[in-house]
Amino acid sequence: MMDTKIFKWVLFKSMLLISFLVFTTSCLSKGNIDSTESTNMNTEFFTIHIFDIRNPALPDGIDFQSKNSWRKLLTIDLNQSDFVINEKDIKFYDWSSQRITLENDAGKRYAAAQPQPPGFAYFVIAVEGIPVSGGGILSQNSAVFADFPILYVPDPINSEPFELSLRSTANITNSNLLFPVDDLSTVDKVRQHFRELNKLIE
């Protein structure tokens with residue numbers, strides 16, 4: 001009789017232990033999923049990463065005169081960038097002219113952090129943490145020819161308002177004023193995002 005009671009007690013305790021382990025594992029697993037989702041949610045939707053020409057993370061073979069060499073920038077480690085402009089730094093995005101006006105403090109930070117003059121740096125645009133476009137950085141008054149996307153910075157660099165101009169090729173007066181990304185769905189997502197932020201000028 002005693003052995004049966006002991007057996008039932010041990011069986012009961014074992015079942016409790018197994019139930020606890022299953023419950024704990026389930027909670028931990030759910031916690032990991034929630035954590036991942038939280039990380040994804042905290043990823044900036046739109047960022048512009050600036051890389052000085054001396055940055056060792058830059059891939060070899062990028063050439064201002066080579067039409068598709070900018071695509072090599074899409075393989076770069078964004079965490080190695082020298083400066084980052086995020087959507088909070090952007091005051092207005094004029095879609096028709098592809099002109100990006102930065103908040104005053106962001107413009108001043110960029111001017112102060114610029115390690116090299118225009119022509120000696122590259123940019124990468126990321127959407128939801130994924131590189132979608134890239135190219136070179138030039139001064140608005142630059143006559144340098146480039147056959148890939150260009151981000152023009154103010155001249156003088158401490159200008160206010162601080163406006164960046166995005167072009168598919170090197171020409172500040174380029175009539176091809178399109179967001180330089182091949183995937184049209186990405187273009188629409190970026191445009192809609194800034195519209196929802198009330199920062200889009202159309």
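A compact table of results
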read-out	value
Test item: Cα-centred dipole of segment 83-189, Lys/Arg +1 and Asp/Glu -1 on Cβ, debye	180
Solvent accessible area, Å² - GLU87, 1.4 Å probe, full protein context	30
For segment 57-202: relative contact order, % (alpha-carbon pairs under 8 angstrom, 6 or more apart)	25
Built amide H within the under 5 Å cut-off of GLY134, gap 5+	ILE125
Computed log₁₀ I(q)/I(0) - Debye formula, equal Cα scatterers, no solvent, segment 74-126, q 0.22, 0.29, 0.30 Å⁻¹	-1.04, -1.27, -1.26
Other-chain or far-sequence residues with amide H under 5 Å of PHE83's (modelled H)	ILE50
Distant-in-sequence amide H partners of GLU103 (H built 1.01 Å from N, under 5 Å)	ILE90, LYS91
Accessible heavy-atom area order of LEU178, LEU184, LEU151, highest first, probe of 1.4 Å	LEU184, LEU178, LEU151
Three-way shape label, segment 57-202, alpha-carbon gyration tensor, a/c 1.5	rounded
Area accessible to solvent at THR75, 1.4 Å probe radius, in Å²	110
Rounded, prolate or oblate (a/c below 1.5 giving rounded, otherwise prolate when a/b exceeds b/c) for segment 133-201 by Cα gyration tensor	oblate
Sequence of PHE194, PHE92 from largest to smallest accessible area, 1.4 Å probe	PHE92, PHE194
SER96 - accessible surface, heavy atoms, 1.4 Å probe, Å² rounded to 10	70
Extension gain (nm, one decimal) between ASP182 and ALA112, 0.36 nm per residue minus Cα-Cα	21.9 nm
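The values are calculated or read from the model by the stated rules, or taken from the named source; none is laboratory data. Bear in mind the structure is a predicted one, so any value in this text is a computation, not a measurement. Here Cβ is always computed from backbone atoms with ideal geometry, including for glycine, and neighbour counts include all displayed protein chains. Areas reflect the complete protein model, heavy atoms only, side chains present, ligands, DNA and RNA absent. Shrake-Rupley method; radii C 1.70, N 1.55, O 1.52, S 1.80 Å.
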